[in-house]
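Remarks on the structure that follows.
The values are calculated or read from the model by the stated rules, or taken from the named source; none is laboratory data. Values in this document were obtained by computation on a predicted structure and should not be read as measured data. Note: ideal-geometry Cβ built from the backbone for every residue, glycine included; neighbour counts use all protein chains shown.
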């Protein structure tokens, strides 16, 4: 048997993407312009998107395809090279050649797909496409601007179409697409647990135990589009209303840290937020570097952010770590300007004046910070860690940063300064 015949036989025996996909992962019938697959983590959104794109190429229905992700790394690591990405999903006889330097995949029949990032919406200004796959739409940095540029270029062929795969967050763009359901948009909804057969039992057990029944679980596992939580100090509409793509010149920049007291699978995160204030007093949130780190790791991340943004100061809550917090930072760089802050009041009391600044349109997020913003919009006036099961570390770091930047009216005597 020739090598070509053998490859084709293997492909037929394997069955391809359509043989493996669940019915909900198959392209819906009808004369639609857009397909929105809104599903929980692990449902198979990447599998669906990669299968759909490869299918369009194999059938000759698309030849110029846009692949858009939150970041350039997401496009490469998930959409192209991921476990369920385009390279792995393509049959051997029709596998594309990937040129990372050109952000391009080229199939044997000449079809081309180009990767784009929501961090650089203007890269979509000019290129024309006959199909588009938009991944994790709700986590895009500047969702509306990126989507607009993508739609302007989706104009080739007789019937250009798009697929958006995302875990839901109540952003304006996603709400607008859902409002078009039954018109020119088809919506597929699905939960994490529909794909149990392909997910590790330990993962399923862990997420059920920690998140099932919680607000975060309803969003991330069951793919529910949740509106603002009653009693929350922040509203997503405020954040979207005042979001900007680029900050003005800033007169002060700080890096705020809320250190975790332990570092293991179930420990809290260390909140690390970078923010600055302009000459007119408007405050800008620049970066969220939070994560689950060992002490030397969070210190290194904070110092790197301090240098990257040319910040004036690192400030850190020292209630739990005491002198060790400063010592950890000084061990890596003894020259940084450091300020220790002490929480003498409860989280809600500290957060309320900062939430008021958002309501007064004095704070702007530079791009999107999905995890931070979810935590903010779930933080209520009766917040109780024992009830919700987590600590709002990103919010705590945000509050410290913005309190430092928002003027003397928020300066209190319980702060201790060491430089």
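Quick one: which residue in 302, 340 is under 26 Å from residue 250 (Cα atoms) and buried (at least 21 other Cβ atoms within 10 Å of the Cβ)?
Details: 340 fails: buried (at least 21 other Cβ atoms within 10 Å of the Cβ).
None of the others qualify; the one that does is 302.
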Report the residue count in region 101-137 for those that are farther than 11 Å from residue 149 by Cα, part of a helix (DSSP H, G or I) and touching a helix residue (DSSP H, G or I) at 6+ places or on another chain (Cβ under 9 Å). 2
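Look at region 83-92 and say how many of its residues are free of Cβ contacts under 8 Å to residues at least 60 places away in the same chain, outside any helix (DSSP H, G or I) and surrounded by fewer than 19 Cβ atoms within 10 Å (Cβ to Cβ). Working first, answer last.
In the first step, residues of region 83-92 are kept if they are free of Cβ contacts under 8 Å to residues at least 60 places away in the same chain; the result is 83-88, 90.
If we keep only those that are outside any helix (DSSP H, G or I) too, we end up with 83-85, 90.
When the remaining residues are screened for being surrounded by fewer than 19 Cβ atoms within 10 Å (Cβ to Cβ), the result is 83-84.
Counting residues in region 83-92 that are free of Cβ contacts under 8 Å to residues at least 60 places away in the same chain, outside any helix (DSSP H, G or I) and surrounded by fewer than 19 Cβ atoms within 10 Å (Cβ to Cβ) gives 2.
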For the structure I just gave you, tell me whether residue 290 is in contact with a helix residue (DSSP H, G or I) (Cβ under 9 Å, 6 or more places away or on another chain), surrounded by fewer than 18 Cβ atoms within 10 Å (Cβ to Cβ) and closer than 20 Å to residue 253 by Cβ. no
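Checking the conditions here, which among 107, 35 is modelled with pLDDT of 95 or more and within 23 Å of the chain's Cα centre (by Cα)? Even if it seems obvious, please write down each step before you answer.
Details: 107 fails: within 23 Å of the chain's Cα centre (by Cα).
After ruling out the rest, the residue left standing is 35.
Looking at the structure I just gave you, is residue 141 in a loop (DSSP other than H, G, I, E, B), closer than 30 Å to residue 376 by Cβ and either under 19 Å from the mean Cα position of the chain (by Cα) or in the same structural domain as residue 27 (by TED's automatic domain parsing) (or both)? Working first, answer last.
Working: in a loop (DSSP other than H, G, I, E, B): yes; closer than 30 Å to residue 376 by Cβ: yes; either under 19 Å from the mean Cα position of the chain (by Cα) or in the same structural domain as residue 27 (by TED's automatic domain parsing) (or both): yes.
So residue 141 passes the test.
State all residues of region 167-195 that are in a helix (DSSP H, G or I) and either surrounded by 12 or more Cβ atoms within 10 Å (Cβ to Cβ) or outside the structural domain of residue 32 (by TED's automatic domain parsing) (or both); if no residue qualifies, say none.
The initial filter retains those residues of region 167-195 that are in a helix (DSSP H, G or I), namely 172-179, 192-195.
Residues satisfying the conditions are 172, 173, 174, 175, 176, 177, 178, 192, 193, 194, 195.
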